[in-house]
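Report on the following structure.
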Amino acid sequence: MIPTVSVVIPTHAPHAGRLARTLVGLQAQSLPREQWELVIIDNRSPTPVALDLGWHPAARVVREERLGLTNARLAGGAATQGEVLVFVDDDNVLATNYLEVVANLFAGHPRLGAAGGKSLPEWEIAPEGWVQEFAGTLALRDLGNDQQVVGPEVKGYPSCAPVGAGMAIRRSAWTAYADSVNRDATAPSDRTGGELTSGGDNDIVLRILRAGWEVGYFPQLSLSHLIPAGRLSREYLARLNHGIAKSWVQVLDRHGIRPWPPAPRWQVALRKWRAYLHYRAWRGPAEYIRWKGACGQFEGRGLIRNR
């Protein structure tokens, strides 16, 4: 039995051109429209999101006043009915068969809780060579052409876990996640407005695994991630790498995974200075961005406590 699909697009003050590309990609989907719905979550945009969605019989915009990506995703889950949710960023263009592939994957894998695939860049301008090192921070992903699936027995964080861009989640797995988050006052709110913190994608994967589901990478799922020129600057990527590294430590620790020991708070500034010298952060943008990532990790380790 092919499951029904709910597409959820969380957005805050979206770029009109990129969001339009996202919607054009959805209009071209091969999955018949009666088998999927579309909900755009306007996450407290200063100017309310207004769109012409007449091309789809089950499409609407829902306003969510609690700022933060996690809050927007929870609102999307609550506002939809599909047996599988597909979370699409407002700068993602899905391959025309994406939703059809998702529906067939979940029909054929009854223990699959969450799935993702390739997130390939469409650059507004050609990036400099050093940018490729930080592709992962931009939610770009290509693990090749082999399917990879892991279950709750996996140790640590699985390398094949889906990223947030295009992540598909079975409704029953999503319900387990949402119930867990709603009981947990320390759950991460992920991106909030213009802040570049992260961790929500990782938290979803770990909670779904803990609930007994599998997660996987399926290369037949593919999307284009629109990367504007502003995200290729040293300053932006340094902020992004810092935020991701800091929240990564905190999310793993919340789930009992601790690859690094805690760092006494009084040592954090000294470690940053030593890392500045180690990475030779003054030499170029890549060195500087690596150093900012190390700083984020030290700050994250300074916030966790000895067990």
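Assorted remarks:
- Dipole in debye (nearest 20) - the chain, about Cα centre, beta carbon charges: Lys, Arg +1; Asp, Glu -1: 1440 debye
- Springs join every pair of Cα atoms under 10 Å in this Gaussian network model of the chain, and among N104, N43, N92 the largest mean-square fluctuation is at N104.
- Take each peptide in 294-304, 253-263, count the other Cβ atoms within 10 Å of every residue, and average; sorted highest first, the result is 294-304, 253-263.
- Placing a pseudo-label 7 Å from each Cα along the Cα-to-Cβ vector at W273 and Y157 gives an inter-label distance of 3.0 nm.
- Summarised as an ellipsoid, the chain has semi-axes of 32, 22, 19 Å, derived from the eigenvalues of the Cα gyration tensor scaled by 5 and square-rooted, with the largest first.
- With 0.36 nm allotted per residue and the present C-alpha distance subtracted, the R33-R283 stretch has 84.7 nm of extension available.
- Linear extension gain, W130 paired with L143, 0.36 nm per residue minus alpha-carbon span: 2.7 nm
- Which of D142, D90 is most accessible, then next, and so on - probe 1.4 Å: D142, D90
- Within a Gaussian network of the chain (alpha carbon springs, distance under 10 Å), most fluctuating of G129, G108, G117: G129
- Among I289, I169, I125, the largest mean-square fluctuation in a Gaussian network model of the chain (Cα springs under 10 Å) belongs to I125.
- S247, S159, reordered so the largest accessible area comes first (probe 1.4 Å): S159, S247
- Note on the range 69-131: dipole from Cβ charges, positive end direction compared against V84, G116, L94; the farthest Cα belongs to V84.
- For E122, residues with placed amide H under 5 Å, excluding near neighbours: H225, L226, I227
- Relative contact order (%) - the chain, alpha-carbon pairs under 8 angstrom, separation at least six: 20 percent
- Cβ-Cβ FRET estimate between E122 and E65, R0 fixed at 35 Å, reported to 0.05: 0.65
- Rolling a 1.4 Å probe over the protein heavy atoms of the range 40-136, with every protein chain left in place, gives an accessible area that is 52 percent carbon and sulfur.
- Kyte-Doolittle mean at least -1.0, axial Cα span of 18 Å or more - DSSP H helices of the chain: 234-254, 265-279, 285-303
- Only Cα pairs under 8 Å and 6+ residues apart enter the sum, and on that basis the relative contact order of the range 13-128 stands at 33 percent.
- In the context of the full set of protein chains, residues of the chain present 45 Å² of accessible surface per residue (probe radius 1.4 Å, heavy atoms only).
- Placing unit charges on the Cβ atoms only, positive for Lys and Arg and negative for Asp and Glu, gives the range 111-262 a dipole magnitude near 420 debye about its Cα centre.
The values are calculated or read from the model by the stated rules, or taken from the named source; none is laboratory data. The structure displayed is predicted, hence computed values, not measured ones. In this analysis, Cβ positions are derived from the backbone assuming ideal geometry, glycine residues included, and neighbour counts consider all displayed protein chains. These area figures cover heavy atoms from the full protein model, side chains too; ligands, DNA and RNA do not enter into them. Shrake-Rupley method; radii C 1.70, N 1.55, O 1.52, S 1.80 Å.
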